[in-house]
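Engineer: Submitted below is the structure of interest, expressed as structure tokens.
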Amino acid sequence: MKKNALTYFDNAATSFPKPVAVASAITEYLTETGGTYGRSAHGRAFRVSAEVEACRDALADALGTETPECVSFAHNATHASNLLLRGLNLKGTVWHSPMEHNAIMRPLEYLRKKRRIQLRELPAGSDGKIQLDKLDLIGKDTALVVVNHQSNVNGVIQPLREIKKAIGETPILVDASQSLGNSPVKTDEWELDYVIFTGHKSLLGPTGTGGFFARHSDLPEPLLFGGTGSQSDSLDMPAFAPDKFEAGTPNVAGIFGLLGALQNRPEPEHTPDDFRKLLEEIEDLPQYEIYRAKSLLDQGETFSLRHRSIDVSELNARLYHDFGIETRSGLHCAPMAHRFLGTFPQGTCRVSLSPYHRPDDLAYLLDALKRIEK
């Protein structure tokens, strides 16, 4: 393994390394601050509540919204998607992209079976990018359109603003788990209705953090019921957001860490040109098939590979054991995307970058792929 190389290329699963401030903030909470959120009337509790609300405000900024009260915390994007999809009392048809993660598709499949909603797949090109000129297929019986902003398989980025313009008043739910922090998300400007996100991927925060934006916070019913620290004289959940969605003690330590990440995001140590060069040089290797967006303008820093004579699990193992390079092989919890791309059931070997990767790290990955090819 090359000395001092950053060989972790599994950031679409969870980002690493984290900003130093993440661990510092968590440690500060656990060893110095203490207290809980929104419950008690003493100094520690006031400090915790101020930090949690500062994190909510920072998330609102990242989401491009001026309404932080519409941002609710959850344990992760899967928790957030269940809170919304199961709370919206959907009826009729739900359209979804072909690139959705199981965090979306399993709740939708549950609703298809239990509530008998109809599921339909949005028309898309060969890379999974939604075809805007075919969105007139969406009828008046559509309850919701669900779109994965950036694929966790091939990195294709969807044109959210144009999709929302095309579907008009039809509500849209966006899964920004892979994009928030790396790509612009302009919730207010694009008139997005619902956005789910996780803290531990592109936001560089700790696991166990995430949440959602709900413009129409009066519509979803709460999925969990319990203490909120507000309206405690009533056995009913508060009717206002975010309290109606935040039953129980939140992951305060994780939220402190997430705020540390949001306030200390590093400048990327590689350029878009460095990444484009990597993709182009891999495409020149005859033994590899690369799965990415057709246009590099639609490409996030995640892509997938298959070797023409080596199984993806073996490719993954050789990268790790021979070169110390950490990737992920398989279906990436997105079997629908792999079916669409023609890579099911074997899947692919996925490579995903972080801001900490340097040009030398990308060159090391490319050299490893070349040596395996031989």
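Engineer: Is there a residue in region 345-353 that is among the β-branched types (V, I, T) and surrounded by 21 or more Cβ atoms within 10 Å (Cβ to Cβ)?
Structural biologist: Looking through region 345-353, at least one residue is among the β-branched types (V, I, T) and surrounded by 21 or more Cβ atoms within 10 Å (Cβ to Cβ).
Engineer: Continuing with the same structure: Any idea which of A5, A41, A45, A77 is touching a Ser or Thr at 6+ places or on another chain (Cβ under 7 Å), at pLDDT below 95 and not charged (D, E, K, R)?
Structural biologist: One residue alone meets the criteria, A45.
Engineer: Tell me, yes or no, whether region 272-282 has at least one residue that is assigned to a loop (DSSP other than H, G, I, E, B) and out of contact with any strand residue (DSSP E or B) (no Cβ under 7 Å at 6 or more places or on another chain).
Structural biologist: There is no residue in region 272-282 that is assigned to a loop (DSSP other than H, G, I, E, B) and out of contact with any strand residue (DSSP E or B) (no Cβ under 7 Å at 6 or more places or on another chain).
Engineer: Take the residues of region 303-326 that are part of a loop (DSSP other than H, G, I, E, B) and either in contact (Cβ under 8 Å) with a residue 40 or more places away in the chain or among the basic types (K, R) (or both): which is surrounded by the most Cβ atoms within 10 Å (Cβ to Cβ)?
Structural biologist: If we take residues in region 303-326 being part of a loop (DSSP other than H, G, I, E, B) and either in contact (Cβ under 8 Å) with a residue 40 or more places away in the chain or among the basic types (K, R) (or both), then I325 is surrounded by the most Cβ atoms within 10 Å (Cβ to Cβ).
Engineer: Looking at L204, L144, which one is free of Cβ contacts under 8 Å to residues at least 60 places away in the same chain and out of contact with any Asp or Glu (no Cβ under 8 Å at 6 or more places or on another chain)?
Structural biologist: Just one listed residue meets the conditions, L144.
Engineer: Quick check, is G87 surrounded by fewer than 18 Cβ atoms within 10 Å (Cβ to Cβ) and not in a helix (DSSP H, G or I)?
Structural biologist: In short, yes.
Engineer: Within region 91-103, work out how many residues are more than 19 Å from S179 (Cβ to Cβ) and crowded, with 20+ Cβ neighbours inside 10 Å.
Structural biologist: Count: 2.
Engineer: Take the conditions among the small types (G, A, S) and within 18 Å of N148 (Cβ to Cβ) and apply them to A54. Does it pass?
Structural biologist: no
Engineer: L111 is checked against (1) assigned to a loop (DSSP other than H, G, I, E, B); (2) buried (at least 18 other Cβ atoms within 10 Å of the Cβ) and fails just one. What number does that condition carry?
Structural biologist: Checking L111 against (1) assigned to a loop (DSSP other than H, G, I, E, B); (2) buried (at least 18 other Cβ atoms within 10 Å of the Cβ), the one that fails is (1).
Engineer: If a residue must be more than 22 Å from L122 (Cβ to Cβ), assigned to a loop (DSSP other than H, G, I, E, B) and either in contact with a His (Cβ under 6 Å, 6 or more places away or on another chain) or of a type outside the set (D, E, K, R) (or both), how many such residues does region 283-302 contain?
Structural biologist: Going through region 283-302 one residue at a time, the tally reaches 3.
Engineer: Being part of a helix (DSSP H, G or I), of a type in the set (V, I, T) and out of contact with any helix residue (DSSP H, G or I) (no Cβ under 7 Å at 6 or more places or on another chain) is true for just one of T27, T14, T65. Which residue is that?
Structural biologist: On inspection, the qualifying residue turns out to be T27.
Engineer: For region 140-168, enumerate the residues that are at pLDDT 95 or above, assigned to a loop (DSSP other than H, G, I, E, B) and over 30 Å from S329 (Cα atoms).
Structural biologist: Answer for region 140-168, where residues must be at pLDDT 95 or above, assigned to a loop (DSSP other than H, G, I, E, B) and over 30 Å from S329 (Cα atoms): just G168.
Engineer: Follow-up. Return the total of residues in region 227-263 being loosely packed, with under 15 Cβ neighbours inside 10 Å and at positive phi.
Structural biologist: Count: 2.
Engineer: Shifting gears a bit: Please identify the pairs in which a residue from region 335-364 that is more than 16 Å from E289 (Cα to Cα) and of a type in the set (F, W, Y) has its Cβ atom under 6 Å from the Cβ atom of a residue that is part of a loop (DSSP other than H, G, I, E, B) and modelled with pLDDT under 95, counting only partners at least 6 apart or on another chain.
Structural biologist: Close Cβ pairs (under 6 Å, with a partner that is part of a loop (DSSP other than H, G, I, E, B) and modelled with pLDDT under 95) amount to Y356/L6; Y364/K2; Y364/A5.
Engineer: Follow-up question, since we're still on this one. Just checking, how many residues over region 30-52 are within 27 Å of the chain's Cα centre (by Cα), in a helix (DSSP H, G or I) and surrounded by 16 or more Cβ atoms within 10 Å (Cβ to Cβ)?
Structural biologist: 4
Engineer: Go through region 53-67 and give me each residue that's over 21 Å from A25 (Cα atoms) and either buried (at least 19 other Cβ atoms within 10 Å of the Cβ) or small (G, A, S) (or both).
Structural biologist: L63, G64, T65
The values are calculated or read from the model by the stated rules, or taken from the named source; none is laboratory data. Bear in mind that the values here come from a model prediction, so they are computed numbers and not experimental data. Reconstructed Cβ throughout: ideal geometry from the backbone, glycine too, with neighbour counts over all protein chains shown.
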